[in-house]
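Q: Below is one structure. I have some questions about it.
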Amino acid sequence: MILKLLKKYGDKSICMVLFLVPLLIHAQTNFKNTIPYDAEQGSPKADLKAISWISGHWKGEAFGGITEEVWTPPAGGSMMCVFKLIVENQVKFYEIVTITEANGSLLLQLKHFDRKLHGWEEKDETVDFNLVKVTANKVFFDEFTFERISADEINIYVIIDDHEKREEVKFTYRRVGN
């Protein structure tokens, strides 16, 4: 980012860079479990075999309620998930999520729905997260991370932006039915 500023604004950007560097460093280290996507670097090569450990039925707690996700094993170049949040014994919202093999890498896409299945996004829109990095026990999408703790426990970290503040939210899940 700093190099982009220098190329775009030349010497005039030195003052801007000196001012922005501490802010950028603070902003980048503010979230310790997620990584933003860098379009210049692009997504690494990956396939669904590397992340098949995500598949299963998972249950946890977040947002003052119970969260549940069911991930299918890889098939047909994709994995599919349904998510729901229950607060005070009522569904607050659902998500349909896919991770697909695309252009030699992986792409996570999701759509939100209220309890009556009315979509939050426009009909043909999805919320997309490009792959950033894959390790043996972590999958980093753009500000969205899966972390394998054990065969029966995973964490998911997501940056939530409510237009007033951005925060990294942790979802802790335990496998259901094993």
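Read-outs: derived from the displayed coordinates by stated rules, not from any lab. Computed from a predicted structure; not experimentally measured. FYI the Cβ positions are ideal-geometry reconstructions off the backbone, even for glycines, and counts take in every protein chain you see.
Q: For the range 41-78 and the range 91-115, what is the centre-to-centre distance using only Cα atoms, to the nearest Å?
A: Here the answer is 10 Å between Cα centres.
Q: How about the range 120-178: which chymotrypsin sites (Phe, Trp or Tyr not before Pro) there are in a DSSP loop, with at most 15 other Cβ atoms within 10 Å of their Cβ?
A: Of the chymotrypsin sites (Phe, Trp or Tyr not before Pro), the ones in loops of the range 120-178 whose Cβ has at most 15 other Cβ atoms within 10 Å are TRP120.
Q: At 0.36 nm per residue, and after removing the present C-alpha to C-alpha distance, how many nm does the segment from ASN155 to LYS32 gain when stretched out fully?
A: Roughly 42.9 nm would be gained on extension.
Q: Now for a separate question. May I ask for the net charge around ALA75, where only other residues with Cβ less than 13 Å from the Cβ of ALA75 are counted and Lys, Arg are +1 while Asp, Glu are -1?
A: Here the charged neighbours net out to -1.
Q: Taking K and R as +1 and D and E as -1, what net charge do the other residues with C-beta under 13 Å from the C-beta of TYR37 add up to? If you can, show how the numbers build up before the last one.
A: Values: positive: LYS133; negative: ASP38, GLU40, ASP128, ASP142, GLU143.
Residues near TYR37 contribute -4 overall.
Q: Around ASP152, under 12 Å between beta carbons, what's the net of Lys plus Arg minus Asp minus Glu among the other residues?
A: Summing Lys and Arg as +1 and Asp and Glu as -1 gives +3.
Q: Related question: With each pseudo-label sitting 7 Å past Cα toward Cβ, what's the ALA75-LYS170 distance in nm, one decimal?
A: The modelled label-to-label distance comes out at 3.4 nm.
Q: Let me ask something else. Quote to one decimal, in nm, the extra length available between ASN89 and ALA136 on full extension: 0.36 nm per residue of separation minus the C-alpha distance between them. Don't jump to the answer; show the numbers that get you there.
A: On the way: separation 47, 0.36 × 47 = 16.92 nm, distance 3.65 nm.
Gain in length upon complete extension: 13.3 nm.
Q: Evaluate the relative contact order of the range 59-178 (contact order divided by residue number), counting alpha-carbon pairs under 8 angstrom at least 6 apart; express in whole percent.
A: It comes to 16 percent, rounded to a whole number.
Q: Within the range 86-155, which trypsin sites (Lys or Arg not before Pro) sit in a loop by DSSP and count at most 13 neighbouring Cβ atoms inside 10 Å?
A: In loop regions of the range 86-155 (DSSP not H, G, I, E or B), the sparsely surrounded trypsin sites (Lys or Arg not before Pro) are ARG115, LYS116, LYS123.
Q: Same structure again: For the range 68-135, run through the GluC sites (Glu not before Pro) and keep only the ones in DSSP coil with at most 12 other Cβ atoms within 10 Å of their Cβ.
A: Filter output for the range 68-135: GLU88, GLU121, GLU122, GLU125.
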